[in-house]
Amino acid sequence: MKPVKVGICGLGTVGGGTFNVLERNAAEIARRAGRGIEVAQIAARHANPRCSTGNTPITADIFEVANNPEIDIVVELIGGYTLARELVLTAIENGKHVVTANKALIAVHGNEIFAKAREKGVIVAFEASVAGGIPVIKAIREGLAGNQINWLAGIINGTGNFILTEMREKGRTFEDVLKEAQELGYAEADPTFDVEGIDAAHKLTILASIAFGVPLQFDKAYTEGISRLTTADVNYAEALGYRIKHLGVARSTDSGIELRVHPTLIPADRLIANVNGVMNAVMVNGDAVGSTLYYGAGAGMEPTASAVVADLVDVARALTTDPNNRVPHLAFQPDSLSAHPILPIGACESAYYLRIQAKDHPGVLAQVATILSERGINIESIMQKEAEVHDGLVPVILVTHRVVEQRIDDAIRALEALTDVVGSVVRIRVEQLN
Ligand code: HSE
């Protein structure tokens, strides 16, 4: 059978890795796909010193690839929203299949792109967009297709996880570790996407859609970053038996779907609490299977290429199949997507870690307990540290049982209004993940 012709747009870290893996494993890939997968053209503005492209034709114009009649599959690895959207829509319009690693593109423009792809009978595959080399999209979309998914929770940004790990293990500052993550090439072009949770929210939006069968709704995801976390909270969490992770959580409830990214205390003995450095992990809980865990490299040259090439093999195998009987882009048949709403953060439910800076006076703890009990908030554990010598303030740290967020917001307002409480109350959500 004739080889499938691929055009790679973007020869950076992932593009270079994809070319190298396709070259190195060509024979093995052909045995799997039933035919060869050949790079017929590359669009790149610069050469990649980690990738030797030999005689493969190279152009600086990505649209030359999208319009090249010889090419069956366009691989979009340029990143960003605007140009990438135009490239993918052009390729689809020309009847080409698309493989992309672009989480921002899928999370923000995926509904439009999939509709266009259905119209033209082509595949858009995006395994590499979430958690790099971990085949978690395939696992949820196909491997767990018999389940009702209850919830999923993931460490899906390697840069953020690296920062938290270094802060906890080595007491390093946030800024210092971020600089190293940028030098290692893991951070996004704009690192606020990593530390403010936007990159994780892109990925979580995609996972939630394939888990619950709802359209992509990135604009409704709640995001809170890790830039305000202090070493003090990392250490208090440790003393209470928890680790702080930057977690994406999607949960299906009767009233709607929770879609939230924020720093989270997780019991230290959970496997996912021990996922360190740049590694990613996603827990998925289904009604039939129970809890499952997917772990691996969430970024990097060849781990991400592993997912891109797997998509290419999938597309090569599906080229001759009936477009209406392929695995749906978002796991559920497009006319069966549900309108179950995404909940605002105030309606989400969690347990909470609170740190209150209080004056060292009798009765302060009683006032705190009263405010919480008046709002039906149950305290699970409480810890009061000795007064700091220089300011005479005592840190009061407590963990609550699960409660709707609005009630905690109300309690925090009341606590901050007490004359014996100084400054803002620190609040970090807690998930048991059991
Ligand atoms: N900046 C991302 C991360 C790269 O750190 O996980 C992979 O999407």
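The values are calculated or read from the model by the stated rules, or taken from the named source; none is laboratory data. Only a predicted model underlies this, so the values are computations on that prediction, with no experimental measurement involved. Note that each Cβ is placed from the backbone with ideal geometry, even for glycine, and that neighbours are counted across all protein chains shown. Surface accessibility is based on the protein's heavy atoms, side chains included, excluding ligands, DNA and RNA. Shrake-Rupley method; radii C 1.70, N 1.55, O 1.52, S 1.80 Å.
Numbers below:
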{"read-out": "C-alpha long axis of helix 82-93 to longest principal axis of the chain, angle in °", "value": "40 degrees"}
{"read-out": "nm² value of the averaged projected area, convex hull over the Cα atoms of segment 214-254", "value": "4.5 nm²"}
{"read-out": "Packing rank of 311-318, 183-190, 325-332, where each peptide gets the mean count of other beta carbons within 10 Å, highest leading", "value": "311-318, 325-332, 183-190"}
{"read-out": "Helix 13-24 vs. the chain, principal-axis angle (Cα, 0 to 90°, nearest 10)", "value": "50 degrees"}
{"read-out": "Rounded to whole Hz, the Karplus (6.51, -1.76, 1.60) HN-Hα couplings of segment 300-317, x for glycine and proline", "value": "x, 4, 7, x, 6, 4, 4, 6, 4, 5, 4, 4, 4, 5, 4, 5, 4, 5"}
{"read-out": "Unit charges on C-beta of K, R, D, E only; dipole of the chain, Debye", "value": "900 debye"}
{"read-out": "Rg/Rh ratio calculated on Cα atoms of segment 1-128 (Kirkwood radius)", "value": "0.94"}
{"read-out": "Between helix 198-212 and the chain: long-axis angle, C-alpha atoms, 0 to 90°, nearest 10", "value": "80 degrees"}
{"read-out": "Computed helical MRE - 222 nm, the chain, DSSP H runs ≥ 4 contributing -39500 (n - 2.57), nearest 500", "value": "-10500 deg cm²/dmol"}
{"read-out": "Fluctuation leader among M383, M283, M167 - the chain, Gaussian network, Cα springs under 10 angstrom", "value": "M383"}
{"read-out": "Average projection area in nm² (convex hull over Cα atoms of segment 144-297, one quarter of hull surface)", "value": "9.3 nm²"}
{"read-out": "Whole-Å distance, taken between Cα centres, linking segment 253-298 and segment 172-195", "value": "22 Å"}
{"read-out": "Gyration tensor (Cα) of segment 348-430, equivalent ellipsoid semi-axes in angstrom", "value": "21, 12, 11"}
{"read-out": "Normalised contact order of segment 348-430, rounded percent, pairs of Cα under 8 Å and 6 or more residues apart", "value": "49 percent"}
{"read-out": "Too-long pairs where the Cα-Cα distance tops 24 Å, listed order kept, from K5/K116; K138/K179; K220/K245; K2/K96; K203/K245", "value": "K138/K179"}
{"read-out": "By accessible area with a 1.4 Å probe, ligands and nucleic acids excluded, highest first: order of D199, D409", "value": "D409, D199"}
{"read-out": "Segment 72-205: radius of gyration over Cα atoms, expressed as a fraction of 2.2 N^0.38 Å", "value": "1.20"}
{"read-out": "Cα-centre dipole for segment 1-125 with unit charges at Cβ (Lys and Arg positive, Asp and Glu negative), debye to 20", "value": "360 debye"}
{"read-out": "Stokes-Einstein D (µm²/s) once Rh is taken as the Kirkwood radius of the chain over alpha-carbon pairs, at 4 °C in 1.567 mPa s", "value": "56 µm²/s"}
{"read-out": "C-alpha center-to-center spacing [segment 55-100, segment 12-41] in angstrom", "value": "17 Å"}
{"read-out": "Accessible-area value, Y294, 1.4 Å probe, nucleic acids and ligands omitted, Å²", "value": "50 Å²"}
{"read-out": "1.4 Å probe accessible area per residue over segment 82-202, in Å²", "value": "36 Å²"}
